[in-house]
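Below is one structure, written out as structure tokens; comments come after it.
The values are calculated or read from the model by the stated rules, or taken from the named source; none is laboratory data. Being a predicted model, the structure only gives us computed values, none of them experimental. When we count neighbours, we look across all protein chains shown, and the Cβ atoms used for this are built from the backbone with ideal geometry, even at glycine.
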Protein chains: 2
Amino acid sequence: MSKLPTSPLAVALPSLPPVPGVRLASIEAGLRYSGRLDLTLMEFAPSTTVAGVFTKNKCPGAPIDWCRSVLSNGTARGLLVNAGIANVFTGKAGFEAVQHSAEAAAKAIGCHAEEIFVASTGVIGEQLPYQKIVHIIPKLYQQLDDNQWTETAQAILTTDTFAKGYSLKTKIGTETVIIQGIAKGSGMIAPDMATMLSFVTTDAKLPASVLQALLSEKVKTTFNAITVDSDTSTSDTLLLFATGIANTPEITDASDPRLTDFANSLEKILKELALLVIKDGEGVSKLIEITVDGAVSHESAHKIAMAIGNSPLVKTAITGEDANWGRVVMAVGKAGEPANRDTLSVSIGGVWVAHEGGVLSDYDRTIVDRHMSEETVKIKVDLHLGNGTATIWSCNLTKGYIDINGSYLRS
Amino acid sequence: MSKLPTSPLAVALPSLPPVPGVRLASIEAGLRYSGRLDLTLMEFAPSTTVAGVFTKNKCPGAPIDWCRSVLSNGTARGLLVNAGIANVFTGKAGFEAVQHSAEAAAKAIGCHAEEIFVASTGVIGEQLPYQKIVHIIPKLYQQLDDNQWTETAQAILTTDTFAKGYSLKTKIGTETVIIQGIAKGSGMIAPDMATMLSFVTTDAKLPASVLQALLSEKVKTTFNAITVDSDTSTSDTLLLFATGIANTPEITDASDPRLTDFANSLEKILKELALLVIKDGEGVSKLIEITVDGAVSHESAHKIAMAIGNSPLVKTAITGEDANWGRVVMAVGKAGEPANRDTLSVSIGGVWVAHEGGVLSDYDRTIVDRHMSEETVKIKVDLHLGNGTATIWSCNLTKGYIDINGSYLRS
């Protein structure tokens, strides 16, 4: 397909310094694309621990099966990522492709195949030409370096319109550690769908169980709180690697108070990466932030917020810069969660427009209309039923989405 | 908003003859529109029974509250419908508007207000000027006639692009009866959303309990098996009235075998009306028929079919006339219902394109591509897990949907 215009919400890739214990490189393997990097290898220091979260789609790709299976060991020495072919719905041959690729990476690094994590994104139903991967891995291994993050942020993209990364420093005890990650988002390759991949690394020393507990907790309010179009990819993968190179104190419990800063920083980086994915949503021109308060539980608030964020009528209203609170009321009502029309309030851009079951006839339309023309539209709903609260992020629905998904050239 | 172009899938309104026991008329009440019929009154013979199904949205309009409340009586003498203002999110004043309107209709007909059913469609959050309704009802009553179906099929529309009705004859025992209905679909009025209203009448003599049992059963495979955009209106209403003028045998049980023909005919008319709604879906250019077989239950099959029918990626692929079975696999997987990737088969236009977890490399692309260019696209999924089966109907997602819902003039 022809190159898509860069998202109007694009963010420049920040400087991504080396992460102690991580070496990486990307190469042109010619798997499906030509003239661009499409295969990435990361090598992690011995004793690197790992945590992961994967798509809940019941028809996952072969790489997801592999990662789920090897994750229980809790250790990782390598990560192999290809763009162009998703290796989904490829049967037994698809599994073998993963296995051969992982074995080749393990041989280069000098570890067990079960210490290699694998992720693929791209076309569905096409076999991965793993021979090309196996063949090129020795060369790719030779190129490993600690300063290839920018190239790698590019190499994992499919039809994303900009590279996505984030880096920050935090402390565990008195020791400074780095947390740095890259992501790819809602690109689309015929005949495939949006896929989210994100890889986050840190030099902190943390057991896999602690890492997994932190990741599972923080993903709820970050990557699991975004939606582009309600469709769930067969390949979504979020992996967190901790190399243990930093001289951080030994911690065995995710609720250890010395982890507070680290946990907050992890949440921040996951949120920033998730927002970058939304800002590159197909056809996006506006970010939507939806907060639901007063629900019977946090989970209920999350479901209602997602119903609003996934409503095509809400999303098209925002494209039209129309403060259509009636559609928000409709979306609250269709979520299937406890809601009482007569206690429901809606605010847009910080202005309450509907209150306890009726429109506020005297709200300041000038402020609300001005807010609707901004890049980020903020919607808040208060159900006045309980203490459940949640915030999620979505993007608007435009003709660009139809263009990208309805009229690309057939492969 | 300016007049929308007629749907390319529009169907001409058939001849709608009188239904014994039903008189009706429509009038210009000037509630919101001008220069068109916008208020309808139907009068039913004494002893008319009624059944109803309403939106499951938790923020329903005042007319829904009213109908739910009076439905338990099981009898109806009148139906009052207005287009232009939905009377949703209007608080106590909204309820009083319904009450005053029903009382005025009851006074004209000579019955209790609780025997009047009320439905509204149109803008949310705006008060219904019920004084205009109360004032004009005596005049409207004078115009009642048994042959005003065509005008009434028009009067209930909002931004529908064509009038929708269907009529058929069937038998109960040896007695011929008529079943005839009208519907309005996914029109949209700023700031409102698609609303479905349908009113079906018959001269059969059936107790309300039997009528309700039949309607609740047959709605599952008809009106509850269609989706335009996954959004659920606050006003959806389906009412079935039986005037009892026909000399049909006394029947007290919905499973009475003498009702087989009638039940089948009821299902047929509900299905035809539901399909007319889809054929006027916002921006529609193709109808999608989705059948799921081999699910663990019928309910599970229905949920999976709806996940496919609501997937923006499936809907845009069909706009692009792309036989994108990979997106169908994704939608099956995201439905949250039991599914096994490795036993999953997908057919498009009657041709199996993917089988037991892999693409069929030798399927006849010529036939499939030709099918994709047709007006109705048929997708079938076989999960090979059980005997659950369901068929639903959806429409494609086009730039027209964005135009209608994202760029109309503010009211």
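Worth pointing out:
- Pick from the stretch A:254-304, criterion of a type in the set (S, T, N, Q) and in contact with a strand residue (DSSP E or B) (Cβ under 6 Å, 6 or more places away or on another chain), ranking: farthest from A:Ile348 (Cα to Cα): A:Ser265
- Under the condition of being facing chain A (nearest Cβ under 7 Å), at pLDDT below 90 and in a loop (DSSP other than H, G, I, E, B), the residues counted in the stretch B:323-339 number 1.
- Qualifying positions in the stretch B:29-51 - in contact with a helix residue (DSSP H, G or I) (Cβ under 9 Å, 6 or more places away or on another chain) and closer than 15 Å to B:Ser120 by Cα: B:Ala29, B:Gly30, B:Leu31, B:Leu37, B:Asp38, B:Leu39, B:Thr40, B:Leu41, B:Met42
- Candidates B:Asp342, B:Asp403, B:Asp369 - the one that is within 11 Å of chain A (Cβ to nearest Cβ), surrounded by fewer than 18 Cβ atoms within 10 Å (Cβ to Cβ), touching an Asp or Glu at 6+ places or on another chain (Cβ under 7 Å) and part of a helix (DSSP H, G or I): B:Asp342
- Selection over the stretch B:259-288 of residues that are acidic (Asp, Glu), over 22 Å from B:Asp236 (Cα atoms) and outside any helix (DSSP H, G or I) gives a count of 0.
- Residues of the stretch A:386-399 include at least one that is part of a helix (DSSP H, G or I) and at the interface with another protein chain (Cβ under 9 Å from one of its Cβ atoms).
- Of the residues making up the stretch B:297-322, just one is within 12 Å of another protein chain (Cβ to nearest Cβ), modelled with pLDDT of 95 or more and surrounded by fewer than 24 Cβ atoms within 10 Å (Cβ to Cβ), namely B:Ser300.
- Among all positions in the stretch A:138-148, there is at least one residue which is out of contact with any Asp or Glu (no Cβ under 7 Å at 6 or more places or on another chain) and aromatic (Phe, Trp, Tyr).
- Residues in the stretch A:345-366 that are more than 9 Å from chain B (Cβ to nearest Cβ) and assigned to a loop (DSSP other than H, G, I, E, B) were compared, and the one that is nearest to the chain's Cα centre (by Cα) is A:Gly349.
- Residue list for the stretch A:228-261, restricted to those being within 14 Å of chain B (Cβ to nearest Cβ) and within 28 Å of A:Lys169 (Cβ to Cβ): A:Asp236
- Only one of A:Trp352, A:Trp393 that is of a type in the set (Phe, Trp, Tyr) and surrounded by fewer than 23 Cβ atoms within 10 Å (Cβ to Cβ): A:Trp352
- Test result for B:Thr316, closer than 23 Å to A:Gly94 by Cα and among the hydroxyl-bearing types (Ser, Thr, Tyr): no
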